[in-house]
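Before any comments, here is the structure.
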Amino acid sequence: MDALQVVTEPHRREILRAVWDRELSAGDIAARFPVTFGAVSQHLAVLRTAGFVTVRRDGTRRFYRADRERLGPLAQALEAMWRATLDELAAAVEAESDRR
Amino acid sequence: MSRSPLVPQGPPDRGDDAPALAVERRVAAPPSTVYAYLTDSVRWARWQGASAEIDAVPGGRFRMRMGNGMLAEGRFVELVPDTRVVFTWGWNGHPTVPPGSSIVEIDLASEGDGTVIRLVHHGLPPDDIPIHETGWRHYLPRLATIAEGGDPGVDPGPG
């Protein structure tokens, strides 16, 4: 799987976003996504294998965080995408309040 | 009576000191009722997944499809009526937990008028243990609910 395939899957992007500037435990990540543990487990394994998340091991617990350096130019692309989505949302909310 | 080996076949042997995931749950139902939910396709899907294909004989196929399409696959290894179910486990397309790469042992112990279910999942890579533990902690209560005559509802997935 190439780098682009890793990040084009929507759930993996959402996991990356959730651990973009803080670490979350595997359980926290599972609790945040309405997909099954098999899917979360698979997405985390793909992200780990690609090196796009770092894992901090504390006993049996696992804490994940995005490795933006390893993502390289993809990191900026993802941030730009999330910003654009937020801008669109803000614009939509503004348009809605103007309409009232 | 000779005790069967812990890992008779299937998954890679990661050694006895490899960490295992263990989850226990008490159920107010006899072992025979719980066993029925572990050995029948339609009954299995009442507590885990959207559908299941259970061929509960040694070497028989285990397939369970989650609502989002994820497919868990393995084979039955050992079945002792009302007492013990062992099968291999993995996920189709999963880079580190492929089908049959780990092993799930479920022991049913009669206690009073109920059952203690003990599930041990061996052979998972250490990084994959926490998330599978989250999964089984979500599913054993659902198994308990259905075995006790309740309705756990459609599986929403853990969390």
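FYI, it's all coordinate maths here, none of it is from the lab. Source: prediction; values computed, not measured. All Cβ positions, glycine included, derive from the backbone under ideal geometry; neighbour counts span all protein chains shown.
Exactly which trypsin sites (Lys or Arg not before Pro) in region A:1-83 are in a DSSP loop and have at most 13 other Cβ atoms within 10 Å?
Loop-located and lightly packed - A:R22.
Nearest 0.05, what FRET efficiency do B:V57 and A:T49 give at R0 = 35 Å with Cβ-Cβ as r?
Working: r = 35 Å, r/R0 = 1.01.
After rounding, the FRET efficiency stands at 0.50.
Taking N as the number of residues in the protein assembly as shown, what is its Cα Rg relative to 2.2 N^0.38 Å?
1.14
Could you work out the relative contact order of chain A, using alpha carbon pairs under 8 angstrom and six or more residues apart, expressed as a whole percent?
Once normalised by length, the contact order is 25 percent.
What FRET efficiency, computed as 1/(1 + (r/R0)^6) with R0 = 22 Å and r the Cβ-Cβ distance, is obtained for B:V80 and B:R118, rounded to the nearest 0.05?
Rounded to the nearest 0.05, the efficiency is 0.95.
Counting only helical runs of four or more DSSP H residues, what would the 222 nm mean residue ellipticity of chain B come to if each run contributes -39,500 (n - 2.57) and the total is spread over all its residues?
-6000 deg cm²/dmol
Kirkwood hydrodynamic radius, computed over distinct alpha-carbon pairs, for region B:21-147: how many Å, to one decimal?
That comes to 14.4 Å for region B:21-147.
Would you tell me the mean number of C-beta atoms belonging to other protein chains that fall within 10 Å of each C-beta in B:90-97, as a whole number? Numbers along the way, then the final one.
Numbers: counts 1, 7, 2, 3, 7, 8, 7, 4.
Shielding by partners across B:90-97 averages 5.
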